[in-house]
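The values are calculated or read from the model by the stated rules, or taken from the named source; none is laboratory data. Remember, predicted model here, so these are calculated numbers, not experimental data. Here Cβ is always computed from backbone atoms with ideal geometry, including for glycine, and neighbour counts include all displayed protein chains. The protein model used for the area step is the full one, side chains on, heavy atoms only, and it has no ligands, DNA or RNA in it. Shrake-Rupley method; radii C 1.70, N 1.55, O 1.52, S 1.80 Å.
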Amino acid sequence: MSQIMLCSLAGDSNVNVSDTNNNRNNATEEDDIFPIPTIYRCRAPIASLDCMEEFQSTNEQLCMQLQQPCSKEQLLLQNINTPSVTRQSSTVTPGLRYRNIGKSGLRVSNVGLGTWVTFGNNVSEEQAEAVVQAAYESGINVFDLSEAHCGIRAELELGHILQKKGWKRSSYIVTTKIYWNSKSEERGLSRKHIIESVRASLARLQLSYIDVVIVHRADPMCPTEEVVRAMHHVIGQGWVMYWGTAKWTPVEVMEAYTNCRQFNCITPIIEQTEYHMFCREKTELYMPELYNKIGVGLMAWSPLAMGLVSGKIDDGGLPVLSRSSMKVKNKYSSFSHSWTEDETQSTKEERMQPEDNRRQQEKLREVAQVAERLGCSVIQLSIAWCLKNDSVQCLLLGATSVEQLYQAIHSLQMVPKLNTNTMNELERILDNKPSRPPMVSTLALR
């Protein structure tokens with residue numbers, strides 16, 4: 001009806017302007033009652049969140065460059081007038097992005113703060129608080145805790161910091177672990193131990209809920225059905241929002257997912273795995289498959305190979321490597337390094353042979369030459385190399401001071417510099433790219 005009216009108006013040249021305006025007003029009233037399809041309003045489809053974030057950050061940077069006379073003074077006034085509770089924009093940290101962890105709706109920053117060294121014995125409470133605040137103000141929203149490694153102290157101190165700062169609860173994500181040790185009294189992953197651990201963590205953190213609870217190590221003596229039912233229970237009570245695993249083999253993760261589907265329980269969303277230049281098999285071969293099949297995401301840790309890249313040395317003057325790259329006991333033993341007290345104390349017999357260690361040193365020297373050419377440190381290159389893998393949805397960084405944290409965060413700017421030629425050069429230096437074993441036919445074995 002409206003189209004016929006517009007056509008008649010266009011064909012009649014003697015129509016008054018006032019009549020045209022009246023017709024437009026009537027058309028507007030009709031549109032409110034009978035909405036015109038979206039195509040007539042020229043509304044573009046909504047883009048993806050990642051594209052919108054990148055477009056927004058680019059647009060803001062262009063606006064800041066065009067408005068140079070007011071860039072310094074107005075930004076200074078904005079920082080002064082902005083309350084301390086308000087978190088800064090993600091454009092403060094170039095390269096920081098937010099991604100969905102797994103195939104869930106939980107959005108996390110591509111780098112998180114692993115507090116296993118922040119709340120260590122050699123770090124004061126003031127330093128730890130400064131690191132947490134610097135991470136939050138830089139845009140990091142993931143704070144990872146571990147019940148195994150200074151867990152009780154870490155949960156107490158982080159809970160105190162969060163209560164003191166008064167940050168909005170929806171602006172940060174807390175992940176903690178349910179840990180069991182075969183040498184302690186609290187053994188296994190029984191329903192009793194899981195529920196007691198979650199309630200104790202809530203009390204120490206002084207929070208109404210925990211964002212993600214991670215089951216640290218699988219328990220071969222406890223049925224998987226009991227574990228998934230217990231995690232479903234704590235989520236149903238509102239104590240936990242999501243759950244995941246750490247140090248689980250792909251077969252164990254798949255078994256947990258199968259039990260969740262069978263008993264109508266909530267499935268895990270993440271697996272925490274060690275990932276660096278000398279530990280690659282699980283992250284690069286098996287985690288993408290788990291993500292595509294069952295939606296389990298990847299949260300990687302130890303990008304510095306347990307101090308290998310940072311230059312920590314032993315009594316012999318050679319870097320100390322993680323046990324995952326030192327001694328291979330079975331197919332999945334090289335996947336991750338345990339933070340448990342009974343496993344971190346490696347003996348000299350478990351260390352690498354001198355020749356193997358020298359080869360490792362030669363690779364690190366060549367990697368250092370690449371880092372020098374790119375204008376960064378070996379630590380920054382190692383972190384950027386890990387972030388270059390699209391399967392890593394969140395990389396946990398450790399820092400004992402604000403300077404170390406900023407140095408690690410600066411690695412985000414190095415990721416675009418790792419082009420195809422640079423990555424191929426690093427692959428040639430490392431010479432350890434994992435590959436799947438060839439398929440063997442069962443008929444050929446007969």
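Cα gyration tensor of segment 196-309, axes a ≥ b ≥ c as square roots of the eigenvalues: rounded (a/c below 1.5), prolate (a/b > b/c) or oblate?
oblate
Go through K247/K293; K177/K433; K103/K388 and tell me which ones have a Cα-Cα distance over 25 Å in this structure.
Correct reply: K177/K433.
Which value results for Rg/Rh of segment 234-293 when Rg is the Cα radius of gyration and Rh the Kirkwood radius based on the inverse mean 1/r?
That ratio equals 1.03.
Compute, for V234, the solvent-accessible surface of its heavy atoms (probe 1.4 Å) with the complete set of protein chains present, and express it in square angstrom to the nearest 10.
Accessible surface of V234 is approximately 0 Å².
Using the per-residue mean of other Cβ atoms lying within 10 Å as a proxy for protection, in what order, highest first, do the peptides 252-259, 170-177 fall? Please report the intermediate quantities before stating the final value.
Working: 252-259: 18.9, 170-177: 21.0.
Highest mean packing first, the order is 170-177, 252-259.
For segment 139-179, which semi-axes, largest first and in whole Å, follow from the square roots of 5 times the eigenvalues of its Cα gyration tensor?
Ellipsoid half-lengths, sorted descending, are 19, 12, 7 Å.
At 1.4 Å probe size, with no ligands or nucleic acids counted, give the accessible surface of H193 in Å², nearest ten.
10 Å²
Set the Förster radius R0 to 56 Å, insert the Cβ-Cβ distance between A200 and R358 as r into 1/(1 + (r/R0)^6), and round the FRET efficiency to 0.05.
0.75
Under 5 Å between amide hydrogens, which residues at least 5 positions from G112 or on another chain qualify, with H placed 1.01 Å from N in the peptide plane?
Placed amide hydrogens put L395, L396, L397 under 5 Å from G112.
Given 10 °C and 1.306 mPa s, how large is the Stokes-Einstein diffusion coefficient of segment 121-276 in µm²/s, with Rh as the Kirkwood radius over Cα pairs?
98 µm²/s
Can you give the extra length, in nm with one decimal, that the chain gains between V251 and T442 once fully stretched, where that is 0.36 nm per residue apart less the Cα-Cα distance? Show your work: numbers first, answer last.
On the way: separation 191, 0.36 × 191 = 68.76 nm, distance 2.09 nm.
Difference between extended and current length: 66.7 nm.
So what J values fall out for segment 403-412 if you push phi through Karplus, 6.51 cos²θ - 1.76 cosθ + 1.60 with θ = phi - 60°, rounded to Hz, Gly and Pro as x?
3J(HN,Hα) across segment 403-412, in whole Hz: 5, 4, 5, 5, 5, 5, 5, 4, 5, 4.
Taking segment 347-446, how much of its Cα-Cα pair set, in percent, is spaced more than 22 angstrom apart?
Counting every Cα pair in segment 347-446, those more than 22 Å apart make up 48 percent.
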